[in-house]
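Written below as structure tokens is the structure these notes are about.
The values are calculated or read from the model by the stated rules, or taken from the named source; none is laboratory data. No experiment lies behind these values; they were computed from the predicted model shown. Virtual Cβ from ideal backbone geometry, glycine too; neighbours counted across all protein chains shown.
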Amino acid sequence: MSAAPAESRAGWAEIPPAPAWWRVLPSRILTFWMVELWRISHDRTELYTRAIQPALWLLIFGETFTRLRAIPTGSVPYLDYMAPGIIAQSGLFIAIFFGIQIIWERDAGMLSKLLATPTPRVALVSGKAFAAGLRSALQAVIVFALSIVLRVHLDWNPLHLVGAVAVVMVGSAFFSTLSMTIAGVVLSRDRLMGIGQAITMPLFFASNALYPVDLMPGWLQALSAVNPLSYEVDALRGLLIGTHASLGIDFAVLVVALVAGITASSRLLPRLGR
């Protein structure tokens, strides 16, 4: 009678322990990145429709204010000055509503199943952030094409273009984690949509995307100094039109913001799975 339990315990003892989370994290992150990449490849219509907004900003706002010369930008034509800001803006508009996808997955029952697996929550969040960054990078390529048509004078150095795409991906990845963090707090698509709409334009207009920081009132300059979008735009201008930029500081701020966003959204993710 006692031999059977002993054999059973011996069988359980031979099962190897689960690997530490930090060992499986890289492979799980890569898996979720591939899943999001597959989704993007099967949903190209959204990429085309979202290209309309940056085109309108460049064609209408940019061309008009270039003729008016109402915003002093030194020796740089206003359309050239504005193009990097529109690249950052298009990425922001894509990423800031990414939390809605998390809530939809919760309502469909997918999120609770994913959270029940031993997959680290960081892998799931980073997969979504990667998808937001990749979509924004594709938008940046579209704006590059529009710039050629509109004769915007960008620096077409391949290294600078790759650097600009990297900046866009990191910046948009952060804003997607901001959206997922808000989703973990409000737990509702309607509330997230309202908050996203409420903060998108302040983030945009409280940055240097459309005008130099020197033209802002003091209180708006203070907001711009803590706005990650301003650092993204500053880096893009330095890479694409050759204006003075603190590229090291800009990229460091975006990376730190992204790490903080992934940490916050990962901690709040289980609230959505309940």
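Summary table
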quantity: Members of region 146-163 that are surrounded by fewer than 18 Cβ atoms within 10 Å (Cβ to Cβ), at pLDDT 90 or above and not in a loop (DSSP other than H, G, I, E, B); calculated: Pro158, Leu159, His160, Leu161, Val162
quantity: Scan of region 231-273 for residues that are without any contact (Cβ under 8 Å) to a residue 60 or more places away in the chain and outside any helix (DSSP H, G or I), ordered by number; calculated: His244, Ala245, Ser246
quantity: Residue in region 122-138 that is part of a loop (DSSP other than H, G, I, E, B) and within 24 Å of Arg50 (Cβ to Cβ) present; calculated: no
quantity: Some residue of region 178-190 being more than 30 Å from Thr117 (Cβ to Cβ), surrounded by 17 or more Cβ atoms within 10 Å (Cβ to Cβ) and touching a residue at least 24 places away in the same chain (Cβ under 8 Å); calculated: no
quantity: Subset tally (residues that are surrounded by 13 or more Cβ atoms within 10 Å (Cβ to Cβ), farther than 15 Å from Thr73 by Cα and not hydrophobic (A, V, I, L, M, F, W, C)) for region 208-225; calculated: 2
quantity: Residue within region 176-189 that is part of a helix (DSSP H, G or I), touching a helix residue (DSSP H, G or I) at 6+ places or on another chain (Cβ under 9 Å) and over 23 Å from Asn227 (Cβ atoms) present; calculated: yes
quantity: Qualifying positions in region 73-101 - farther than 22 Å from Arg50 by Cα and either in contact with a Pro (Cβ under 6 Å, 6 or more places away or on another chain) or touching a residue at least 24 places away in the same chain (Cβ under 8 Å) (or both); calculated: Thr73, Val76, Pro77
quantity: One residue from Trp104, Trp33, Trp57 being touching a residue at least 60 places away in the same chain (Cβ under 8 Å), surrounded by 15 or more Cβ atoms within 10 Å (Cβ to Cβ) and in a helix (DSSP H, G or I); calculated: Trp33
quantity: Qualifying position, being among the hydroxyl-bearing types (Ser, Thr, Tyr), assigned to a helix (DSSP H, G or I), modelled with pLDDT of 80 or more and out of contact with any strand residue (DSSP E or B) (no Cβ under 9 Å at 6 or more places or on another chain), among Thr45, Thr73, Thr49, Thr64; calculated: Thr64
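One line per residue, one yes/no per condition, for (1) of a type in the set (A, V, I, L, M); (2) out of contact with any helix residue (DSSP H, G or I) (no Cβ under 6 Å at 6 or more places or on another chain); (3) within 15 Å of Gln89 (Cβ to Cβ); (4) in a helix (DSSP H, G or I):
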site	(1), (2), (3), (4)
Gly196	no, yes, yes, yes
Met201	yes, yes, yes, yes
Tyr211	no, yes, yes, no
Leu229	yes, no, yes, yes
